[in-house]
Amino acid sequence: MTNKESRINQLYDACNRLIELAKQMLQDCHSKEQKVQSPYRGIVSFYFRRSWEMFESFIILIKNNRLVDAAVLLRSLCNMFIDLEYISVDPATKELKLLKYMLEIKRNQLTLINTNLDDLKKSDRNIGLRKDELDTNIKKIEEELKIKYPEEKSWELSPIEQRARKAGTTPFMLYNMAYRYYSNIEHHNVLFGQYYVDEDICEPKLHPEEELKKLSLFQPEATLHMFSQLFFEITKKFSEEFQLNYEDKITEMMSLFKKEYNQLKKPKLKNDRGGQ
């Protein structure tokens, strides 16, 4: 095993410790009494549990050299992080952004159902009830927006680029650096196909991952680092919202993980190059 492989394994170990910490947090959350229901808590809970599940899948993909599929998961996590930061960055506008966010989600769901209603009726006998429920929920949110924010000219959610920009420096950097780039994969942009197809003879390449590993945004250690940092931030939000008091422990783990990553990224010593 090379020095780099050994250090990457240490990153895997650090990721697994973080997932174990998330499990402890969930247990502590379940044991708390007098819980308060709120739409924001619902989103934080969903993002926490879903990102944990994604993290486990991400590690499996990276270990099996499925670098592109891992990047698609990372793009999804970037999206979640941007939205969470956008909603919570300013307490004064948190409720308004949350209502717009929920309205956007429900409107999109309703549009999807209405567009495919005839086909959905054949496979889901309860689709009519789901459609009525969405209609009711949308009207409730719209009414709440009218009462609480009569000065609002639009209830439309900002495009993700604007949400990232408004969320702060880190979300906007992630949007530009990772989200936009990985979108080429998510949407199967043919320009990305150059890594999969020999363009001279239009045949599939045998090992596209070997070329992809040379790109900074596909290197296993880089994507592991990025995914873990985003998961750290989401777990901190979860701890804060449910008052679990894990923030210091999460920050400490973040620091240790970053130290391991920085060691991996240090220039190789002569001995690491076989004494040359």
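Rule-based calculations on the coordinates, nothing more; no lab input. Fair warning: this is a prediction, and the values are worked out from it, not measured in the lab. Quick reminder, even Gly has a Cβ in these numbers, built from the backbone with ideal geometry, and neighbours come from all protein chains shown.
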> Can you list the trypsin sites (Lys or Arg not before Pro) in the stretch 45-133 that are in a DSSP coil and have 12 or fewer other beta carbons within 10 angstrom?
Replying inline: Arg125
> What are the residues whose amide H is under 5 Å from the amide H of Val197, where those residues sit 5 or more places off or on another chain and H is modelled from the backbone?
Replying inline: Lys205
>> Please report, ordered by residue number, every helix of the chain (full DSSP H runs) that is 18 Å or longer along its axis going by C-alpha atoms and whose mean Kyte-Doolittle hydropathy reaches -0.5.
In response: 39-63, 67-88, 94-115, 220-241
> Fewest to most neighbouring Cβ within 10 Å: what's the order for His225, His187?
Replying inline: His187, His225
> Applying the Karplus parametrisation 6.51 cos²θ - 1.76 cosθ + 1.60 with θ = phi - 60° to the phi angles of the stretch 198-213, what ³J(HN,Hα) value in whole Hz is obtained for each residue in order, glycine and proline being reported as x?
Replying inline: 6, 5, 5, 10, 6, 10, x, 7, 6, 10, x, 5, 5, 6, 5, 4
> Under the rule of -39500 (n - 2.57) per DSSP H run of 4 or more residues, summed and divided by the residues of the chain, what mean residue ellipticity at 222 nm is obtained, to the nearest 500 deg cm²/dmol?
Replying inline: -23500 deg cm²/dmol
> Given +1 on the Cβ of Lys and Arg, -1 on the Cβ of Asp and Glu, and no further charges, what dipole in debye does the chain carry about its Cα centre, rounded to the nearest 20?
Replying inline: 500 debye
> If you take the beta carbon distance between Thr170 and Leu129 as r and set R0 to 51 Å, what does 1/(1 + (r/R0)^6) give as a FRET efficiency, to the nearest 0.05?
Replying inline: 0.80
> Just going by the charge dipole of the stretch 46-114, with Lys and Arg at +1 and Asp and Glu at -1 on Cβ, which of Ile105, Asn65, Ser76 is farthest out on the positive end?
Replying inline: Ile105
>> Testing the spin-label approximation: label points 7 Å from Cα along Cα→Cβ at Asn184 and Lys121. State their distance in nm.
In response: 4.5 nm
>> With 10 angstrom as the radius, rank Cys15, Cys78, Cys202, Cys29 by how many other C-beta atoms surround their C-beta, starting from the fewest.
In response: Cys202, Cys29, Cys15, Cys78
>> A 20 angstrom limit on the alpha carbon distance is what I want to check against. Which of Lys23/Lys63; Lys97/Lys131; Lys100/Lys139; Lys32/Lys100 exceed it?
In response: Lys23/Lys63; Lys97/Lys131; Lys32/Lys100
> Once you put a point 7 Å from the Cα of Asn245 and another 7 Å from the Cα of Glu33, both along the Cβ direction, what distance in nm separates them?
Replying inline: 1.7 nm
> Taking the Cα centre of the stretch 104-145 as the origin, how large is its charge dipole in debye, to the nearest 20, when only Lys and Arg (+1) and Asp and Glu (-1) carry charge on their Cβ atoms?
Replying inline: 200 debye
> Considering only Pro171, Leu96, Phe55, whose Cα is most displaced toward the positive end of the charge dipole of the stretch 26-179, charges sitting on Cβ of Lys, Arg (+1) and Asp, Glu (-1)?
Replying inline: Phe55
> Which of the GluC sites (Glu not before Pro) found in the stretch 167-209 are in a DSSP loop and have at most 15 neighbouring Cβ atoms, other than their own, within 10 Å?
Replying inline: Glu199
